[in-house]
Amino acid sequence: MSDARARILARMSQGLGRPCPDTVARVQREDAPMARQVVHHVADFIARAHALQSTTDRVADMAAVPAAVARYLRTAHLPLQGVMWPQFADLDWVAQGLALEMRAPQSDDRTGVTGCFCAIAETGTLLLHSGVGLSAAASLLPETHVAVVPVARIVTRMEQAFALLRSEVGSVPRALNFISGPSRTADIEQTIVIGAHGPRRVHLIVVDG
C-alpha cells in the first residue's frame, strides 16, 4: 500500500471512529514528530552526505566540537578564522587556536560554523531556517561551511522534517535553506563546477550527546 493511500485511509478511519489498519498505523508512526522516534538513522545520513561530497566527523558531545573543527581546518590547510552562530559562544574555541567571531560574514571570511534545525537521513540534507542568531549567510558566503548536527536532530525523511518544523516553530519561517553538500552547477557547458553559488566545502560534525 502506498503512503498516500494509507494517509487517505487514515483520515477515513478517524472520521468513522474506527481503528487504523496496521499499514496505516505504520505510516502515521513514520510521520510522527521526531521526538517520538527511538531510532535515528545516523549511518544513513552520514552515508548519503558522503555521496553528496560532504565530509563528516563524529564526536561524543558538544564540548568536543571545537577540537573537531580545528582538526578539520588544520588537516585541510584552511585558515583558523571565521564566523559562527551565537549558540556556540560558550564553547572553548580559543583553546583550540581558533578565532571565530559572532557576526555576519564578510567577503573575506573563509569559514562559517553553524548549527541546523534538523538533518534528513534520506537525502543527506541539512535544514536551516531564518531567525534571530541564525544567519543563513554564514552557511552560504564563506567557501567552507562547517555544520554541527546533533544526533537527536536527525530525522528519516523530508516529511518528518516539516512535521518537526510545524511542531516546534509553528508557522513556516520567512526562509528555509536546504543544504545537500557543496554548492554545484552545470550551467556552463554541462560541466560540474563546485562552489559556484555557495561553499566549496561542507563538513558535518555529528554530535552524539
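The values are calculated or read from the model by the stated rules, or taken from the named source; none is laboratory data. All values reported here derive from a predicted model rather than from experimental measurement. Virtual Cβ from ideal backbone geometry, glycine too; neighbours counted across all protein chains shown.
Worth a mention:
- Checklist (1) closer than 17 Å to LEU204 by Cβ; (2) assigned to a loop (DSSP other than H, G, I, E, B) applied to VAL172, failing item: (1)
Matching residues to (1) surrounded by fewer than 13 Cβ atoms within 10 Å (Cβ to Cβ); (2) at pLDDT 95 or above; (3) of a type outside the set (A, V, I, L, M, F, W, C); (4) in the same structural domain as TRP93 (by TED's automatic domain parsing):
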| site | (1), (2), (3), (4) |
| --- | --- |
| SER13 | no, no, yes, no |
| ARG48 | no, yes, yes, yes |
| ALA60 | yes, yes, no, yes |
| PRO66 | no, yes, yes, yes |
| ALA70 | no, yes, no, yes |
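- Meets criteria (of a type outside the set (S, T, N, Q) and without any contact (Cβ under 8 Å) to a residue 12 or more places away in the chain) for PHE88: no
- Options GLY124, GLY195; residue that is at pLDDT below 95 and in contact with a Ser or Thr (Cβ under 7 Å, 6 or more places away or on another chain): GLY195
- GLU189 passes every criterion in (1) at pLDDT 90 or above; (2) over 25 Å from ALA64 (Cβ atoms) apart from (1).
- The set of residues in segment 97-140 being touching a helix residue (DSSP H, G or I) at 6+ places or on another chain (Cβ under 9 Å), part of a strand (DSSP E or B) and either of a type in the set (Gly, Ala, Ser) or farther than 27 Å from ARG166 by Cα (or both) consists of LEU100, THR111, GLY112, ALA119.
- In segment 95-119, of all residues being closer than 20 Å to VAL207 by Cα and out of contact with any strand residue (DSSP E or B) (no Cβ under 6 Å at 6 or more places or on another chain), the one that is surrounded by the most Cβ atoms within 10 Å (Cβ to Cβ) corresponds to LEU98.
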